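Shown next, in structure tokens, is the structure this report addresses.
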Amino acid sequence: LPVLRDSPIAISDIARLLGSSRVAAGWMRNHPEFARLLMNPEELAVARTAGDLTADATEAMQSAAGDHDLQMAELRRFVRREQLRVAARDILGLASIIEIPEELTLIADAAVAAAVDGLAPEVPFAVIGLGRYGGLDLSYASDLDVIFVYEGATSDDARAANRTARGLLKEIGAQTAEGRAWEIDARLRPEGENGQLARSLEGYERYYAERGQLWERQSLLKRRFIAGDADLGRRFLRLADEWCYQPEFSEAEVDEIRTMKRRIEAERLGSGSKARDVKLGAGGLSDIEFTVQLMQLQHGFGRTSISDNRTLPALAGLSEHNLLDIGDRATLDVGYRFCQRFRNARYHLSGLSSDVFPDDEHEEHLLARRLGYPSTKDLEADYQEITEAVREVTDRLLYGEAS
């Protein structure tokens with residue numbers, strides 16, 4: 001590429017990036033012009049702001065005004081370009097394991113905001129993020145968990161809001177020649193797939209008061225306004241906070257959380273599974289998140305540092321209020337960071353969304369090297385030590401078992 005002719009630094013960085021990430025190699029192969037991202041190391045060293053990303057996403061959509069298919073293609077090119085930028089910062093050691101998911105999340109925010117703006121909602125309409133998306137915790141292959149809220153009282157208002165919601169699912173999730181921007185999932189809404197796609201603020205308030213379930217309270221711990229009408233979004237978050245965080249959390253509710261976690265383990269991994277899975281396996285991300293979320297439900301009322309929708313700040317808040325031993329906090333923190341690094345490295349090497357160790361010995365060797373281990377045995381030993389420590393904390397704090 002002519003752009004690289006006089007830039008040995010860029011050539012070196014590209015070689016390192018392509019040698020470490022099959023995914024990045026695919027993006028560069030499809031869009032060689034993205035090599036310009038690596039031309040300015042000083043610029044690459046700094047994370048982009050939410051405002052700059054949203055402006056770029058909006059500009060990408062507006063550049064193809066009047067051609068819907070081209071607009072979707074331009075939005076996807078924006079997403080891939082910015083994901084490549086984050087991948088470069090990741091692999092070149094320019095961003096921490098905490099910064100990477102936040103930066104990936106802000107790219108999604110920008111794309112969703114630009115898409116909502118382009119759809120021009122006919123009624124006040126807001127997108128709320130849940131799960132890893134709401135918690136500023138996306139990985140490269142995460143889905144976007146969302147729910148939609150609108151303001152209005154008539155059937156016409158409801159139809160208008162649902163048109164916007166369906167349009168957004170297509171704008172972000174539809175498969176095109178440029179791929180899809182993200183998988184976008186709205187099944188965490190009230191009544192799941194059987195419920196209306198968008199619901200009024202009054203409808204949410206009535207549903208949560210009359211029929212809301214504990215798992216829905218737990219899912220709302222990760223609530224975050226993403227795009228649309230900011231005032232409506234703030235009012236929904238206030239409603240969610242009041243419902244999630246109540247003065248009392250009963251032993252029956254604690255037992256329900258425990259039962260839910262055991263059921264997830266049995267259904268997704270199988271009873272007694274020894275799978276080396278950094279998300280659902282013993283001592284993985286699910287153990288950490290369920291432990292933190294149970295403690296948030298128990299102690300988050302009136303304590304904003306505990307009710308933070310991000311996992312690590314919530315851990316810090318629990319520790320600051322002397323509700324979590326400093327050693328247990330460190331164990332969960334180390335486990336969280338290890339699992340995040342593993343997932344990102346696995347995706348770079350395989351191009352697949354996978355949370356388990358590879359079966360192929362060569363693939364596992366590459367994974368170990370990518371994570372900085374001299375051998376697969378060292379990686380496996382660290383995994384076992386970290387996850388066993390996390391599981392011991394989970395057994396005590398989530399399941400109430402004696403140490």
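See the values below:
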| read-out | value |
| --- | --- |
| Segments classed as strands (runs of 3 or more DSSP E), wholly inside the stretch 144-249, with at least 2 members that are under 20 Å from the mean Cα position of the chain (by Cα) and among the hydrophobic types (A, V, I, L, M, F, W, C) | 144-150, 224-228 |
| Filter result for Asp255 (at pLDDT 95 or above and not assigned by TED's automatic domain parsing to the domain that holds Asp359) | no |
| Exclusive hit being touching a residue at least 60 places away in the same chain (Cβ under 8 Å), under 24 Å from Trp182 (Cβ atoms), among the acidic types (Asp, Glu) and not assigned by TED's automatic domain parsing to the domain that holds Ala240, set Asp328, Asp277, Asp287 | Asp277 |
| Unmet criterion (only one of (1) assigned to a helix (DSSP H, G or I); (2) in contact with a Lys or Arg (Cβ under 8 Å, 6 or more places away or on another chain)) for Asp333 | (2) |
| Answer from Gly302, Gly283 - the residue that is in contact with an Asp or Glu (Cβ under 7 Å, 6 or more places away or on another chain) and at positive phi | Gly283 |
| Subset of the stretch 28-70 [part of a helix (DSSP H, G or I), touching a residue at least 12 places away in the same chain (Cβ under 8 Å) and basic (Lys, Arg)] | Arg36 |
| Hits in the stretch 287-328 - residues which are surrounded by fewer than 21 Cβ atoms within 10 Å (Cβ to Cβ), part of a helix (DSSP H, G or I) and of a type in the set (Ser, Thr, Tyr) | Ser319 |
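The values are calculated or read from the model by the stated rules, or taken from the named source; none is laboratory data. Computed from a predicted structure; not experimentally measured. Cβ atoms come from the backbone with ideal geometry, glycine included; neighbour counts cover every protein chain shown.
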